[in-house]
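Below: the structure, in structure tokens.
Taken together, the values in this text are just the output of simple stated rules run on the coordinates, not laboratory data. Computed from a prediction, not measured in an experiment: that's the story for all the values here. Note: ideal-geometry Cβ built from the backbone for every residue, glycine included; neighbour counts use all protein chains shown.
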Amino acid sequence: MKELIKEAILAREFAYAPYSNFKVGASILTKNKKIYKGCNIENASYSLTNCAERTAIFKAISEGERDFLAIAIIGAKDKEKPLEYCAPCGSCLQVISEFCNTKDFKIILVKDEDDYLEYTLEQMLPFAFTNKNL
Ligand code: THU
């Protein structure tokens, strides 16, 4: 867990957030113990911004990963320490739910290495819309 949190903190360093100035880092752990990092990547056309969580999971999926255990997330204004825990937005939760079991998958909201909260995907996205609905 500590390793995953450290990677999320590192990932935040690469955030490209010139418009909001809010930098987010995420790190996702695969079942075979690999970690993929991601940061938010903003765009002058604001709606094309990609969140850190989706950057991380898309990187992993595009490298052939399909099985995940947990994601750690940290977000704060540039140069500031997080004042709040940064929860994934609804779009990211929906993307995560495509690949991750809602009961087991853990979402770790990080302020620093020793201050974090742990939730299941089910807690953050009850009644997820999934392929079972189709
Ligand atoms: N953002 C993330 O990357 N992840 C979240 O969980 C919440 C929001 C980004 C999107 C945007 O670049 C900035 O934070 C402000 O919304």
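Taking the range 76-117 on its own, how many of its residues are out of contact with any Pro (no Cβ under 9 Å at 6 or more places or on another chain), within 19 Å of ALA11 (Cα to Cα) and charged (D, E, K, R)?
Matching residues across the range 76-117 total 9.
Which members of the range 100-125 meet the condition of being in contact (Cβ under 8 Å) with a residue 24 or more places away in the chain and out of contact with any helix residue (DSSP H, G or I) (no Cβ under 7 Å at 6 or more places or on another chain)?
Answer for the range 100-125, where residues must be in contact (Cβ under 8 Å) with a residue 24 or more places away in the chain and out of contact with any helix residue (DSSP H, G or I) (no Cβ under 7 Å at 6 or more places or on another chain): ASP104, LYS106, LEU109, LYS111, ASP112, LEU117.
Of these, LEU117, LEU125, LEU109, which one is within 12 Å of the chain's Cα centre (by Cα) and of a type in the set (A, V, I, L, M, F, W, C)?
It is LEU109.
So ASP112 passes all but one of these: (1) touching a Lys or Arg at 6+ places or on another chain (Cβ under 8 Å); (2) surrounded by 13 or more Cβ atoms within 10 Å (Cβ to Cβ); (3) within 17 Å of LYS6 (Cα to Cα). Which condition number does it fail?
For ASP112, the failing item is (2).
Can you tell me which residue is surrounded by the fewest Cβ atoms within 10 Å (Cβ to Cβ) among those in the range 3-58 that are more than 13 Å from ILE74 (Cβ to Cβ) and among the charged types (D, E, K, R)?
This residue is LYS33.
Out of all the residues in the range 56-73, which are farther than 15 Å from LEU29 by Cβ and either hydrophobic (A, V, I, L, M, F, W, C) or within 10 Å of the ligand (Cβ to nearest atom) (or both)? Spell out how you get there, then give the answer.
Within the range 56-73, the subset farther than 15 Å from LEU29 by Cβ is 58, 62, 64.
Result: PHE58, single match.
For the range 23-36, name all the residues that are near the ligand (Cβ under 8 Å from one of its atoms) and in contact with a Lys or Arg (Cβ under 6 Å, 6 or more places away or on another chain).
Start the filter on the range 23-36 by keeping residues that are near the ligand (Cβ under 8 Å from one of its atoms), which leaves 23-24, 26.
Hit for the range 23-36 is LYS23, nothing else.
Scan the range 37-55 residue by residue and report those that are among the basic types (Lys, Arg) and away from the ligand (no atom under 12 Å from the Cβ). Can you show your working first?
Start the filter on the range 37-55 by keeping residues that are among the basic types (Lys, Arg), which leaves 37, 54.
Across the range 37-55, the qualifying residue is only LYS37.
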